1. Given contacts defined as C-alpha pairs under 8 Å and at least six residues apart, what's the relative contact order of the chain, whole-number percent?
2. Would you mind telling me which residue in 291, 173, 338 has the biggest mean-square fluctuation in a Gaussian network model of the chain, where springs connect alpha carbons within a distance under 10 angstrom?
3. What does the C-alpha gyration tensor say about the overall shape of region 191-231? Classify as rounded when a/c is under 1.5, otherwise prolate if a/b is larger than b/c, or oblate.
4. Neighbour counts of other C-beta atoms within 10 Å: give me 126, 255 arranged from fewest to most.
5. As I understand it, the value is the acute angle between the Cα axis of helix 100-117 and the longest principal axis of the Cα atoms of the chain; what does it come to in degrees, rounded to 10?
6. Would you mind classifying region 348-389 by shape? Square roots of the alpha carbon gyration tensor eigenvalues, ordered a ≥ b ≥ c; an a/c under 1.5 is rounded, otherwise it is prolate if a/b is larger than b/c and oblate if not.
7. Could you grab the relative contact order for region 3-98? Cα pairs under 8 Å, six or more apart, rounded to a whole percent.
8. Using a/c under 1.5 as the rounded threshold, could you call region 7-65 rounded, prolate or oblate? The axes a ≥ b ≥ c are square roots of the C-alpha gyration tensor eigenvalues, and prolate needs a/b larger than b/c, oblate otherwise.
C-alpha cells in the first residue's frame, strides 16, 4: 500500500475520534497581530513528545493573562491529521491552566470583577499625611516585616508612634484576623495611616492578600492604607485596592514616615531661599529708594517751591497790572461819559438861565399854540420852580 494511502487511512480513522482533554506544557507560542488563529506547541516532558495546537484567538485570549510559554495547561481539543505531510495536530476549543496557573486565572477573574466595580479606580485613592500622629501596622508576630517597618521608621523619625496588630499572615485564619485588625485600626481616631506588611512568599502564601473580603474591607476604610507585600513578580489584589503600594516593608516605612534629616535639610534650604529672596527684595527697594532720592525734586524740594513761588509772584504782579489798567480805563471812560451826560443834561441848560414850562398835566410846553391866555404854567429853573400866568401868546411866523 502506498504511503499516501496509509496516511489517508490514518486521517480517516483520526477524524472518527471525538474531542479529548490533553495535558502538556506550552513550549512555543505564536500570536501574530491581527491574526484570528493562535499557534502553540504542546509538549509532554516525561516522554519528550510535542504536538502542534491551533485555536481561535478568542479561545486563547480567555486565558492569555495567566498562560504563556512554560505554563502547564489542559486543552480540550479535536485531533486532526494532515495527510500530505503525515502530521498530527490538535484543534483546541478550550484551554485551562492547571496548578498555579488555574489559581492565577481565578484571581485574574476576581481582579477584573472588582475593577469593574471601581474598587481600583485612582480617584478613590486617599493621600497620605505628611507626618502621621499614629501609624497602624498589621503584620505577623515577630516577623521580619514588623522589624523592618519599625526600625526604618524610627531611624527616619525617632518620635514616630505605632499601633501594632500581630495576626497570622497565611493559612485559613489569616483573612478574618487581618480584616479584623484593619477595621480595629480604622476605628482609632489617632491612626492616620495603616500599613499591611508581609515579607513576601509564594503565590499560595500570598493568597490571603488577594481575598475578596480583605479587598472590600480595605476599600471601605476611611484611613489611608499602604500595602507592603514584598513580592515583586505577582502583585496580590491588596496592592491594587490600597491607597499606596510599597514594594517592601522597608519601602513602606520610607514612604509613610518622612526622614528628619532630609526635612531639616529641606527646611534649611527653604530658609536660605527665603533669606535670599528677602535680601534681594531689600536690595531692590534700596536701589529704588536711592534712585528716587537722587532726583532733584527730593534732593532740594524747596527749589520746586521757590520756582513756583516766583511764577505765582509774576502772575500776581501781572494780574495786578492788568486789573489796574482795566480800572484806569474804566475810570477814564466813566469820567468822559459823565462829562457828556452832564453836558447833555437839562440841568446844565437850566444853569445857563433857561427855564422849562410845564402845563398842569406835566407836559413840557414846546409851542405857544399849546397854551391859552390866562393858563397857569409851572416854570422850572436851575434853582427851583415857580408858577406863571399866560397873559398873551404869540406865535412866531
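1. That works out to 9 percent.
2. Per the Cα network of the chain with a 10 Å cutoff, 338 tops the list.
3. oblate
4. By the 10 Å Cβ count, ascending: 126, 255.
5. Long axis of 100-117 versus the principal axis of the chain: about 20 degrees.
6. Values: a/c = 2.26, a/b = 1.75, b/c = 1.29.
Prolate, since a/c reaches 1.5 and a/b exceeds b/c.
7. Working: 194 pairs, mean separation 31.0, N = 96.
Answer for region 3-98 is 32 percent.
8. On the way: a/c = 2.05, a/b = 1.39, b/c = 1.48.
Note, shape of region 7-65 comes out oblate.
Quick note: the coordinates plus some simple rules give every number you see, no bench work behind them. Predicted, not measured: the structure shown is a model, and the values here were computed from it. We place every Cβ from the backbone using ideal geometry, glycine too, and count neighbours over all the protein chains shown.
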